[in-house]
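Input: one structure, supplied below.
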Amino acid sequence: MNKKISLSDYNIDFGPIATSLKAYLASKPYTKIVLLVDENSRKHCLPLISNCITDDTLLLEIKSGEKFKCLPTCESIWAAMASAQFDRHSLMINLGGGVIGDMGGFIASCYMRGIDFIQIPTTLLSQVDASVGGKLAIDFKGFKNFIGLFKDPKAVLIDTQFLKTLPREEVRSGYAEVIKHGLIRSKDIWHDLSKISDPAEQDWDEEVFHSVSIKKDVVTEDPTEQGLRKILNFGHTIGHAIESLSLTTDKPLLHGEAIGLGMIAETYLSQQVNNLSTEESTVVVTYLSHIYKSVHTNTLTKEDKLIELMKSDKKNKGGKTLFVFLDKIGHATFDHEAESGEIKKAIQRTLELLQS
Ligand SMILES: NC(=O)c1ccc[n+]([C@@H]2O[C@H](COP(=O)([O-])OP(=O)(O)OC[C@H]3O[C@@H](n4cnc5c(N)ncnc54)[C@H](O)[C@@H]3O)[C@@H](O)[C@H]2O)c1
(Lines give C-alpha, C1' and ligand atoms only; values in the text may rest on other atoms or scores of the structure.)
Protein backbone atom coordinates (compact mmCIF):
# COMPACT_ATOMS: atom_id res chain seq x y z
CA MET A 1 0.00 0.00 0.00
CA ASN A 2 1.37 3.43 -0.92
CA LYS A 3 -0.69 6.24 0.61
CA LYS A 4 0.02 9.64 2.00
CA ILE A 5 -1.54 11.97 4.56
CA SER A 6 -0.43 15.58 4.21
CA LEU A 7 -0.17 17.88 7.19
CA SER A 8 0.76 21.54 7.01
CA ASP A 9 4.54 20.99 7.32
CA TYR A 10 5.14 17.33 6.53
CA ASN A 11 3.75 14.14 5.05
CA ILE A 12 3.00 10.81 6.60
CA ASP A 13 3.90 8.15 4.03
CA PHE A 14 2.47 4.66 4.17
CA GLY A 15 4.21 1.88 2.30
CA PRO A 16 7.37 -0.22 2.11
CA ILE A 17 9.97 1.50 4.24
CA ALA A 18 12.91 0.67 1.96
CA THR A 19 11.26 2.76 -0.77
CA SER A 20 9.92 5.66 1.29
CA LEU A 21 13.14 6.18 3.26
CA LYS A 22 15.29 6.00 0.16
CA ALA A 23 13.07 8.60 -1.54
CA TYR A 24 13.24 10.92 1.47
CA LEU A 25 17.02 10.69 1.75
CA ALA A 26 17.42 11.33 -1.98
CA SER A 27 15.33 14.49 -1.67
CA LYS A 28 17.63 16.33 0.76
CA PRO A 29 21.37 16.69 1.13
CA TYR A 30 22.40 16.14 4.76
CA THR A 31 25.96 16.50 6.03
CA LYS A 32 25.59 13.63 8.51
CA ILE A 33 22.90 11.15 9.57
CA VAL A 34 22.34 9.63 13.00
CA LEU A 35 20.03 6.65 13.42
CA LEU A 36 18.55 6.07 16.88
CA VAL A 37 17.38 2.55 17.80
CA ASP A 38 16.86 0.37 20.85
CA GLU A 39 17.94 -3.26 21.01
CA ASN A 40 14.59 -4.50 19.68
CA SER A 41 14.24 -2.06 16.81
CA ARG A 42 17.88 -2.75 15.94
CA LYS A 43 17.22 -6.46 15.80
CA HIS A 44 13.81 -6.47 14.12
CA CYS A 45 13.50 -3.20 12.21
CA LEU A 46 16.97 -2.14 11.12
CA PRO A 47 17.21 -5.02 8.59
CA LEU A 48 14.25 -3.54 6.72
CA ILE A 49 16.13 -0.29 6.06
CA SER A 50 19.60 -1.73 5.52
CA ASN A 51 19.57 -0.62 1.87
CA CYS A 52 19.41 3.03 3.05
CA ILE A 53 22.17 2.88 5.64
CA THR A 54 25.74 3.62 4.69
CA ASP A 55 28.97 3.18 6.65
CA ASP A 56 28.82 6.92 7.36
CA THR A 57 25.54 6.65 9.29
CA LEU A 58 26.08 7.00 13.04
CA LEU A 59 24.09 4.18 14.66
CA LEU A 60 23.22 4.86 18.30
CA GLU A 61 21.51 2.19 20.36
CA ILE A 62 19.82 2.76 23.69
CA LYS A 63 18.20 0.28 26.05
CA SER A 64 14.48 -0.21 25.46
CA GLY A 65 11.90 0.92 27.98
CA GLU A 66 10.23 4.00 29.39
CA LYS A 67 12.80 4.33 32.18
CA PHE A 68 15.45 5.26 29.59
CA LYS A 69 13.33 8.14 28.21
CA CYS A 70 15.25 10.53 30.40
CA LEU A 71 17.86 13.27 30.49
CA PRO A 72 20.95 11.06 31.04
CA THR A 73 20.11 9.15 27.82
CA CYS A 74 19.72 12.45 25.95
CA GLU A 75 23.06 13.66 27.28
CA SER A 76 24.85 10.55 26.07
CA ILE A 77 23.36 10.97 22.59
CA TRP A 78 24.13 14.68 22.39
CA ALA A 79 27.70 13.85 23.44
CA ALA A 80 28.04 11.18 20.73
CA MET A 81 26.69 13.57 18.09
CA ALA A 82 28.96 16.38 19.21
CA SER A 83 32.04 14.19 19.21
CA ALA A 84 31.14 12.96 15.70
CA GLN A 85 30.92 16.64 14.70
CA PHE A 86 27.28 16.71 13.73
CA ASP A 87 26.35 20.17 12.52
CA ARG A 88 23.07 21.97 12.00
CA HIS A 89 22.59 20.38 8.57
CA SER A 90 22.46 16.86 9.97
CA LEU A 91 19.49 14.50 10.12
CA MET A 92 18.27 12.27 12.93
CA ILE A 93 16.24 9.17 12.06
CA ASN A 94 14.23 7.70 14.92
CA LEU A 95 13.54 4.01 14.33
CA GLY A 96 11.45 2.48 17.10
CA GLY A 97 8.39 2.83 19.28
CA GLY A 98 7.07 5.89 21.08
CA VAL A 99 10.03 6.06 23.45
CA ILE A 100 12.52 6.38 20.58
CA GLY A 101 10.24 8.80 18.69
CA ASP A 102 9.46 11.08 21.66
CA MET A 103 13.02 11.21 22.92
CA GLY A 104 14.76 11.21 19.54
CA GLY A 105 12.57 14.09 18.38
CA PHE A 106 13.33 15.94 21.60
CA ILE A 107 17.09 15.35 21.21
CA ALA A 108 17.06 16.53 17.58
CA SER A 109 14.94 19.59 18.39
CA CYS A 110 17.36 20.77 21.07
CA TYR A 111 20.68 19.86 19.41
CA MET A 112 22.21 23.14 18.16
CA ARG A 113 18.75 24.70 18.51
CA GLY A 114 17.24 22.06 16.28
CA ILE A 115 18.18 19.76 13.43
CA ASP A 116 15.86 17.89 11.05
CA PHE A 117 14.43 14.59 12.22
CA ILE A 118 12.18 11.97 10.73
CA GLN A 119 10.08 9.39 12.56
CA ILE A 120 9.86 5.73 11.59
CA PRO A 121 7.42 4.37 14.19
CA THR A 122 7.63 0.61 14.60
CA THR A 123 4.93 -0.17 17.19
CA LEU A 124 1.18 0.02 16.66
CA LEU A 125 0.90 2.66 19.39
CA SER A 126 3.55 4.90 17.88
CA GLN A 127 2.16 4.50 14.36
CA VAL A 128 -1.43 5.45 15.20
CA ASP A 129 -0.86 7.87 18.06
CA ALA A 130 2.62 9.38 18.36
CA SER A 131 2.95 9.91 14.59
CA VAL A 132 0.63 12.93 14.61
CA GLY A 133 0.54 15.95 16.86
CA GLY A 134 4.17 16.99 17.25
CA LYS A 135 4.42 16.12 20.95
CA LEU A 136 8.02 15.40 22.00
CA ALA A 137 9.11 14.78 25.56
CA ILE A 138 11.20 12.95 28.12
CA ASP A 139 10.28 11.92 31.65
CA PHE A 140 11.73 13.91 34.53
CA LYS A 141 11.94 13.17 38.27
CA GLY A 142 9.25 10.52 38.04
CA PHE A 143 6.85 12.65 35.99
CA LYS A 144 5.93 11.34 32.58
CA ASN A 145 6.55 13.58 29.57
CA PHE A 146 7.43 16.46 31.90
CA ILE A 147 10.11 18.16 29.80
CA GLY A 148 9.36 18.61 26.13
CA LEU A 149 8.01 20.68 23.30
CA PHE A 150 5.78 20.65 20.24
CA LYS A 151 7.72 20.26 17.02
CA ASP A 152 6.86 18.46 13.81
CA PRO A 153 9.23 16.04 12.13
CA LYS A 154 10.24 16.49 8.49
CA ALA A 155 8.46 13.24 7.66
CA VAL A 156 6.80 10.22 9.23
CA LEU A 157 7.28 6.94 7.38
CA ILE A 158 4.88 4.16 8.34
CA ASP A 159 5.27 0.54 7.28
CA THR A 160 2.98 -1.97 8.97
CA GLN A 161 5.50 -4.68 8.10
CA PHE A 162 7.30 -3.69 11.33
CA LEU A 163 4.31 -4.85 13.37
CA LYS A 164 4.90 -8.47 12.43
CA THR A 165 7.63 -8.82 15.08
CA LEU A 166 5.82 -6.88 17.79
CA PRO A 167 4.98 -8.93 20.92
CA ARG A 168 1.24 -9.76 21.29
CA GLU A 169 0.78 -7.60 24.36
CA GLU A 170 2.34 -4.60 22.61
CA VAL A 171 -0.08 -5.07 19.71
CA ARG A 172 -3.01 -5.25 22.13
CA SER A 173 -1.74 -2.14 23.87
CA GLY A 174 -1.53 -0.09 20.66
CA TYR A 175 -4.90 -1.44 19.59
CA ALA A 176 -6.57 0.53 22.41
CA GLU A 177 -5.81 3.77 20.57
CA VAL A 178 -7.11 2.32 17.29
CA ILE A 179 -10.40 1.34 18.98
CA LYS A 180 -10.58 4.75 20.66
CA HIS A 181 -10.27 6.57 17.33
CA GLY A 182 -13.20 4.57 15.94
CA LEU A 183 -15.35 5.07 19.04
CA ILE A 184 -14.92 8.84 19.18
CA ARG A 185 -15.12 9.62 15.46
CA SER A 186 -16.37 6.87 13.14
CA LYS A 187 -19.09 4.30 13.61
CA ASP A 188 -18.06 2.58 10.35
CA ILE A 189 -14.49 2.12 11.53
CA TRP A 190 -15.68 0.89 14.92
CA HIS A 191 -17.94 -1.58 13.11
CA ASP A 192 -15.00 -3.00 11.11
CA LEU A 193 -12.77 -3.16 14.19
CA SER A 194 -15.40 -4.93 16.25
CA LYS A 195 -15.03 -7.94 13.93
CA ILE A 196 -11.34 -8.36 14.90
CA SER A 197 -11.11 -11.17 17.39
CA ASP A 198 -7.32 -11.42 17.77
CA PRO A 199 -5.39 -8.18 17.10
CA ALA A 200 -2.09 -10.11 16.97
CA GLU A 201 -3.30 -11.87 13.82
CA GLN A 202 -4.34 -8.71 12.03
CA ASP A 203 -2.94 -7.28 8.83
CA TRP A 204 -2.93 -3.60 9.81
CA ASP A 205 -2.60 -1.59 6.59
CA GLU A 206 -6.16 -0.23 6.36
CA GLU A 207 -6.75 0.17 10.09
CA VAL A 208 -3.53 2.10 10.70
CA PHE A 209 -4.22 4.42 7.78
CA HIS A 210 -7.79 5.15 8.96
CA SER A 211 -6.70 5.59 12.54
CA VAL A 212 -3.95 8.07 11.64
CA SER A 213 -6.45 9.94 9.40
CA ILE A 214 -8.83 10.36 12.34
CA LYS A 215 -6.12 11.65 14.64
CA LYS A 216 -4.87 14.00 11.92
CA ASP A 217 -8.37 15.44 11.37
CA VAL A 218 -8.88 16.06 15.09
CA VAL A 219 -5.42 17.55 15.66
CA THR A 220 -5.68 19.75 12.56
CA GLU A 221 -8.99 21.19 13.76
CA ASP A 222 -7.58 21.93 17.21
CA PRO A 223 -3.76 21.91 17.23
CA THR A 224 -3.33 23.36 20.73
CA GLU A 225 -5.99 21.33 22.55
CA GLN A 226 -8.41 24.16 23.25
CA GLY A 227 -11.47 22.03 22.55
CA LEU A 228 -12.10 19.18 20.14
CA ARG A 229 -8.64 17.58 20.58
CA LYS A 230 -9.67 16.70 24.11
CA ILE A 231 -11.86 13.88 22.72
CA LEU A 232 -8.61 11.97 22.14
CA ASN A 233 -8.57 11.55 25.91
CA PHE A 234 -11.52 9.16 25.90
CA GLY A 235 -10.68 6.34 28.33
CA HIS A 236 -7.64 8.25 29.56
CA THR A 237 -8.96 9.88 32.78
CA ILE A 238 -9.61 6.54 34.48
CA GLY A 239 -7.02 4.80 32.25
CA HIS A 240 -4.15 7.05 33.34
CA ALA A 241 -5.06 6.54 37.00
CA ILE A 242 -5.08 2.75 36.44
CA GLU A 243 -1.72 2.99 34.62
CA SER A 244 -0.12 5.08 37.40
CA LEU A 245 -1.41 2.79 40.15
CA SER A 246 -0.31 -0.32 38.28
CA LEU A 247 3.23 1.08 38.03
CA THR A 248 3.45 0.88 41.82
CA THR A 249 2.55 -2.84 41.79
CA ASP A 250 4.42 -5.94 40.69
CA LYS A 251 2.05 -6.19 37.71
CA PRO A 252 2.56 -2.92 35.80
CA LEU A 253 0.23 -2.50 32.81
CA LEU A 254 1.23 -1.26 29.39
CA HIS A 255 -0.28 2.11 28.52
CA GLY A 256 -2.89 0.71 26.12
CA GLU A 257 -3.90 -2.07 28.50
CA ALA A 258 -4.75 0.55 31.12
CA ILE A 259 -6.55 2.64 28.51
CA GLY A 260 -8.52 -0.44 27.45
CA LEU A 261 -9.82 -0.82 31.03
CA GLY A 262 -10.34 2.95 31.24
CA MET A 263 -12.47 2.87 28.09
CA ILE A 264 -14.70 0.17 29.57
CA ALA A 265 -15.26 2.24 32.71
CA GLU A 266 -15.79 5.47 30.77
CA THR A 267 -18.25 3.74 28.42
CA TYR A 268 -20.27 2.75 31.51
CA LEU A 269 -20.06 6.34 32.72
CA SER A 270 -21.16 7.59 29.29
CA GLN A 271 -24.28 5.49 29.70
CA GLN A 272 -24.93 6.44 33.31
CA VAL A 273 -24.12 10.13 33.21
CA ASN A 274 -24.37 11.00 29.52
CA ASN A 275 -26.86 9.71 26.98
CA LEU A 276 -25.11 6.70 25.44
CA SER A 277 -27.78 4.06 24.86
CA THR A 278 -27.69 0.86 26.89
CA GLU A 279 -27.60 -1.10 23.68
CA GLU A 280 -24.47 0.66 22.33
CA SER A 281 -22.82 0.66 25.74
CA THR A 282 -23.27 -3.11 25.98
CA VAL A 283 -21.83 -3.70 22.52
CA VAL A 284 -18.74 -1.59 23.32
CA VAL A 285 -17.97 -2.99 26.77
CA THR A 286 -18.52 -6.57 25.57
CA TYR A 287 -15.98 -6.13 22.77
CA LEU A 288 -13.45 -4.30 24.94
CA SER A 289 -13.71 -6.93 27.65
CA HIS A 290 -13.06 -9.65 25.07
CA ILE A 291 -9.87 -7.88 23.93
CA TYR A 292 -8.63 -6.93 27.41
CA LYS A 293 -9.94 -9.97 29.36
CA SER A 294 -6.51 -11.23 30.41
CA VAL A 295 -5.19 -7.86 31.63
CA HIS A 296 -4.42 -7.73 35.36
CA THR A 297 -7.32 -6.09 37.18
CA ASN A 298 -5.84 -5.78 40.67
CA THR A 299 -5.90 -1.96 40.47
CA LEU A 300 -9.68 -1.95 39.92
CA THR A 301 -10.32 -3.03 43.53
CA LYS A 302 -8.80 0.26 44.72
CA GLU A 303 -11.49 2.67 43.52
CA ASP A 304 -10.74 5.34 46.15
CA LYS A 305 -7.06 5.41 45.26
CA LEU A 306 -7.93 5.65 41.56
CA ILE A 307 -10.31 8.57 42.20
CA GLU A 308 -7.56 10.26 44.22
CA LEU A 309 -5.10 9.80 41.35
CA MET A 310 -7.63 11.25 38.88
CA LYS A 311 -7.60 14.48 40.89
CA SER A 312 -4.00 15.08 39.82
CA ASP A 313 -4.66 14.40 36.13
CA LYS A 314 -2.88 16.94 33.84
CA LYS A 315 -6.16 17.50 31.98
CA ASN A 316 -8.11 18.75 35.01
CA LYS A 317 -9.26 22.33 35.18
CA GLY A 318 -9.94 24.35 38.33
CA GLY A 319 -9.53 21.26 40.51
CA LYS A 320 -12.26 19.39 38.62
CA THR A 321 -11.73 15.92 37.18
CA LEU A 322 -12.90 16.04 33.58
CA PHE A 323 -14.03 13.22 31.30
CA VAL A 324 -14.71 12.58 27.66
CA PHE A 325 -18.02 10.75 27.15
CA LEU A 326 -19.51 9.00 24.18
CA ASP A 327 -23.03 10.09 23.32
CA LYS A 328 -23.17 7.48 20.58
CA ILE A 329 -20.65 5.23 18.88
CA GLY A 330 -18.60 7.50 16.61
CA HIS A 331 -19.26 10.68 18.55
CA ALA A 332 -17.72 12.01 21.78
CA THR A 333 -17.97 15.21 23.80
CA PHE A 334 -15.55 16.61 26.38
CA ASP A 335 -15.24 18.50 29.70
CA HIS A 336 -17.77 16.36 31.56
CA GLU A 337 -17.79 15.92 35.30
CA ALA A 338 -18.96 12.88 37.25
CA GLU A 339 -19.77 12.21 40.92
CA SER A 340 -17.32 10.02 42.85
CA GLY A 341 -20.13 7.51 43.45
CA GLU A 342 -20.76 7.17 39.72
CA ILE A 343 -17.04 6.77 38.97
CA LYS A 344 -16.76 4.08 41.64
CA LYS A 345 -19.74 2.23 40.24
CA ALA A 346 -18.25 2.33 36.73
CA ILE A 347 -14.94 0.92 38.02
CA GLN A 348 -16.75 -1.82 39.94
CA ARG A 349 -18.82 -2.77 36.90
CA THR A 350 -15.62 -2.93 34.82
CA LEU A 351 -14.09 -5.34 37.33
CA GLU A 352 -17.25 -7.48 37.44
CA LEU A 353 -17.35 -7.66 33.65
CA LEU A 354 -13.69 -8.67 33.35
CA GLN A 355 -14.05 -11.31 36.06
CA SER A 356 -17.23 -12.79 34.63
N1 LIG B 1 4.14 11.87 21.15
C2 LIG B 1 2.93 11.40 21.30
O3 LIG B 1 1.95 11.98 20.84
C4 LIG B 1 2.75 10.09 22.01
C5 LIG B 1 1.52 9.43 21.94
C6 LIG B 1 1.39 8.22 22.59
C7 LIG B 1 2.45 7.69 23.31
N8 LIG B 1 3.63 8.37 23.38
C9 LIG B 1 4.76 7.83 24.12
O10 LIG B 1 5.14 6.60 23.51
C11 LIG B 1 5.73 5.76 24.49
C12 LIG B 1 5.11 4.40 24.36
O13 LIG B 1 5.30 3.96 23.04
P14 LIG B 1 5.41 2.41 22.67
O15 LIG B 1 4.23 1.70 23.21
O16 LIG B 1 5.71 2.34 21.23
O17 LIG B 1 6.62 1.93 23.60
P18 LIG B 1 8.15 1.56 23.32
O19 LIG B 1 8.82 2.54 22.47
O20 LIG B 1 8.72 1.31 24.66
O21 LIG B 1 8.04 0.18 22.51
C22 LIG B 1 7.46 -0.95 23.13
C23 LIG B 1 8.41 -2.16 23.03
O24 LIG B 1 8.38 -2.65 21.69
C25 LIG B 1 9.73 -2.81 21.22
N26 LIG B 1 9.66 -2.68 19.77
C27 LIG B 1 9.49 -1.55 19.05
N28 LIG B 1 9.28 -1.85 17.76
C29 LIG B 1 9.33 -3.20 17.67
C30 LIG B 1 9.14 -4.11 16.60
N31 LIG B 1 8.79 -3.69 15.38
N32 LIG B 1 9.27 -5.44 16.85
C33 LIG B 1 9.54 -5.87 18.10
N34 LIG B 1 9.69 -5.06 19.16
C35 LIG B 1 9.57 -3.73 18.93
C36 LIG B 1 10.51 -1.75 21.95
O37 LIG B 1 11.87 -2.03 21.98
C38 LIG B 1 9.86 -1.83 23.34
O39 LIG B 1 10.40 -2.90 24.03
C40 LIG B 1 5.50 6.41 25.82
O41 LIG B 1 6.70 6.99 26.24
C42 LIG B 1 4.46 7.47 25.55
O43 LIG B 1 4.59 8.57 26.41
C44 LIG B 1 3.78 9.54 22.73
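The values are calculated or read from the model by the stated rules, or taken from the named source; none is laboratory data. This is a predicted model, so every value here is computed, not measured. When we count neighbours, we look across all protein chains shown, and the Cβ atoms used for this are built from the backbone with ideal geometry, even at glycine. Please note that ligands, DNA and RNA were not included when accessible areas were found on the heavy atoms of the full protein model with its side chains. Shrake-Rupley method; radii C 1.70, N 1.55, O 1.52, S 1.80 Å.
Once you place label points 7 Å from the Cα toward the Cβ at GLU61 and GLU352, how far apart are they in nm?
The modelled label-to-label distance comes out at 5.1 nm.
Further, regarding this structure: Between ASP304 and ALA200, what length in nm is gained on full extension when 0.36 nm per residue of separation is reduced by their alpha carbon distance?
34.0 nm
Now for a separate question. Post the alpha-carbon centroid distance, region 293-356 to region 234-284, in whole angstrom.
Using only Cα atoms to place each centre, the spacing works out to 6 Å.
Same structure again: When the accessible area of region 3-164 is computed with all protein chains present and a 1.4 Å probe, what percentage of it is carbon and sulfur?
54 percent
With angles folded into 0 to 90 degrees, how steeply does helix 278-291 sit against the dominant principal axis of the chain? Use alpha carbons for both and round to 10.
50 degrees
What whole-number distance in Å separates the alpha-carbon centres of region 79-152 and region 1-29?
Distance between centres, Cα-based: 18 Å.
In a Debye calculation with equal point scatterers on the alpha-carbon sites of region 3-164 and no solvent, what is log10 I(q)/I(0) at q = 0.20 Å⁻¹?
The computed values of log10 I(q)/I(0) come out as -1.42.
Which value in nm describes the separation of the simple spin-label points at THR54 and LYS251, placed 7 Å from the Cα toward the beta carbon?
5.3 nm
For SER6 and LYS43, what does the FRET efficiency come to when R0 = 35 Å and r is the distance between their Cβ atoms, rounded to the nearest 0.05?
0.60
Another one. Determine the per residue accessible area of the chain with all protein chains present and a 1.4 angstrom probe, expressed in square angstrom.
45 Å²
Now for a different question. Would you compute the Debye intensity of region 244-308 from its alpha-carbon atoms alone, equal scatterers and no solvent, and pass along log10 I(q)/I(0) at q = 0.22, 0.24 Å⁻¹ to two decimals?
Treating every Cα as an identical point scatterer, log10 I(q)/I(0) equals -0.95, -1.06.
Something else now. Most mobile of TYR292, TYR30, TYR268 per a Gaussian network model of the chain (Cα springs, under 10 Å)?
Between TYR292, TYR30, TYR268, it is TYR30 that shows the largest mean-square fluctuation.
Principal axis extents for region 168-355, Cα atoms only, whole Å, descending order, please.
Result for region 168-355: principal-axis Cα extents of 40, 35, 31 Å.
What percentage of all Cα-Cα pairs in the chain are separated by more than 37 Å?
Within the chain, distances greater than 37 Å cover 18 percent of Cα pairs.
Suppose a student asked you for the relative contact order of region 139-273, using Cα pairs under 8 Å spaced at least 6 residues apart; what percent would you report?
With pairs under 8 Å counted, the relative contact order is 23 percent.
Under 20 Å from a point 7 Å along the Cα-to-Cβ line of PHE140: which residues of region 59-91 have their amide N that close?
Zone members listed by number: 66-79.
In percent, what relative contact order does region 168-355 have, based on Cα pairs under 8 Å that are 6 or more apart in sequence?
This gives 27 percent for region 168-355.
Taking 0.36 nm per intervening residue step and subtracting the Cα-Cα distance, what contour gain separates ILE147 from THR278 on full extension?
43.0 nm
Let me ask something else. For the chain, calculate the relative contact order in percent as a whole number, restricting contacts to Cα pairs under 8 Å that are 6 or more residues apart.
14 percent
Students often get this wrong, so check it: of LYS63/LYS141; LYS32/LYS314; LYS67/LYS164; LYS32/LYS164; LYS22/LYS144, which have C-alpha atoms separated by over 27 Å?
Going by Cα-Cα distance, LYS32/LYS314; LYS32/LYS164; LYS22/LYS144 fall outside the 27 Å limit.
At 0.36 nm per residue, and after removing the present C-alpha to C-alpha distance, how many nm does the segment from HIS331 to LYS22 gain when stretched out fully?
107.3 nm
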